[in-house]
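The structure appears right after this line, and notes come after that.
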Amino acid sequence: MLERRGIIVHPEELDNKWLDDIEKAGINVLGLHPVGGWRANLTLKEAVERHQTPEFQALLKRAKEMGVTVEYEAHALRYLMPKELFEEHPDWFRMDDKGERVSDHNMCAMNEEALEYLADSTEKLTRTLDTGSDRFFWWADDVEGGAVCHCDKCRDLSPSDQLMKITNAMLKGVKRVKPEGKIAFLAYHDALVPPTKVAADEGVFLEYAPIGRDSHRPMNDAGCEKNVSEGHALKELIAFFGKENSQVLEYWMDNSRFSNWTKPPKAMPLDEAVMKEDVAYYRGLGFESITSFGCYLGPDYRELHGQPPVQPYGDILKSVE
Ligand SMILES: [Zn+2]
């Protein structure tokens, strides 16, 4: 059986009913994902505050007793490198394509002082949100369209190379807390191809999130332009990062995406036929963990639409060799 079968929810949507459903469906990895987008630094801050509350700690304790691994998955860069640093250290931030330093997203990937600051703040966050797992998912900012650094040193690095530098620096911080700690390289948006100039440090694993896909056509459907585009370098990504610890982060159950990231949540039928084909395809490529976002399926969803399709989702993951 597939060893890691996961679902990723917004922390504020997690409740005991969710845990009941996860247990029944045989899901054994629970990801906690603060809302992405341009407010991701604030939603991560809220998640850190929520994490300390007795109510949330009780949910985490129950998940642990059920044998479920809990892991945070967050766009963490702007939280880890706050804008407030810009005034004193503009060169820590990215240079846009007009040659101006800007504090909107991401950072200069080649500034050693900035990378050291990032390692330090990652160490703190890793300590604060320790759930017992040795896998961490601290991602760069939730942007696309070249929000990378164009300074002299970064100019020749692709978005994937810049993300690799950033991910390696965050891994340093993780390892100070957990010597066996690992971190995900999020292949997503502008970074759907492997780096070519920067090597992955020991402890980086592949996480693949095809946000631009068509969820009603199989991923390996050669006639689907969107899926071909999202998956064109998948084999190269696996060759670069290896199969060990590799994780798919899919959108089969992502009702925030199906609801266009706007509440109230829409009713969400699971496309079981497509999911079955995709799971077999990913497994054939060698992925060890298969997970999906499961956002906008919490208490407000149940109130409006009844039970979300957690059971069929878990059944499909359990049916894989
Ligand atoms: Zn730079």
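The values are calculated or read from the model by the stated rules, or taken from the named source; none is laboratory data. All figures in this text were calculated on a predicted structure; none of them were measured in a lab. Cβ sites come from the backbone with ideal geometry, for glycine too, and all protein chains shown count toward neighbours. Calculation scope for accessible area: heavy atoms of the full protein, side chains included, ligands and nucleic acids excluded. Shrake-Rupley method; radii C 1.70, N 1.55, O 1.52, S 1.80 Å.
Beta carbons closer than 7 Å, at least 6 apart along the sequence or on distinct chains, pair a first residue in the range 82-97 that is outside any helix (DSSP H, G or I) with a second that is open to solvent by 40 Å² or more (accessible area, probe 1.4 Å) for Phe93/Phe86; Phe93/Arg101; Met95/Arg101; Met95/His150; Asp96/His150; Asp97/His150. In the range 58-93, the qualifying residues are those that are within 21 Å of Thr291 (Cβ to Cβ) and of a type in the set (A, V, I, L, M, F, W, C), and the one that is nearest to the chain's Cα centre (by Cα) is Ala74.
Checked against (1) part of a helix (DSSP H, G or I); (2) within 16 Å of the ligand (Cβ to nearest atom); (3) without any contact (Cβ under 8 Å) to a residue 60 or more places away in the chain, Pro195 passes all but a single condition, namely (1). Residues that are surrounded by fewer than 21 Cβ atoms within 10 Å (Cβ to Cβ), in contact (Cβ under 8 Å) with a residue 12 or more places away in the chain, at negative phi and not in a loop (DSSP other than H, G, I, E, B): does the range 126-140 have at least one? Yes. Each residue in the range 227-246 was checked for being crowded, with 18+ Cβ neighbours inside 10 Å and farther than 18 Å from Asp190 by Cα, and 2 pass.
Table: residues versus (1) within 16 Å of the ligand (Cβ to nearest atom); (2) of a type outside the set (Ser, Thr, Tyr); (3) over 19 Å from the mean Cα position of the chain (by Cα).
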{"position": "Met107", "(1), (2), (3)": "yes, yes, no"}
{"position": "Leu115", "(1), (2), (3)": "yes, yes, yes"}
{"position": "Asp120", "(1), (2), (3)": "no, yes, yes"}
{"position": "Thr128", "(1), (2), (3)": "no, no, no"}
{"position": "Asp134", "(1), (2), (3)": "no, yes, no"}
{"position": "Glu144", "(1), (2), (3)": "no, yes, no"}
{"position": "Asn168", "(1), (2), (3)": "yes, yes, no"}
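For the range 244-259, the criterion of being at pLDDT 95 or above, of a type outside the set (A, V, I, L, M, F, W, C), assigned to a loop (DSSP other than H, G, I, E, B) and over 21 Å from Leu30 (Cα atoms) is met by at least one residue.
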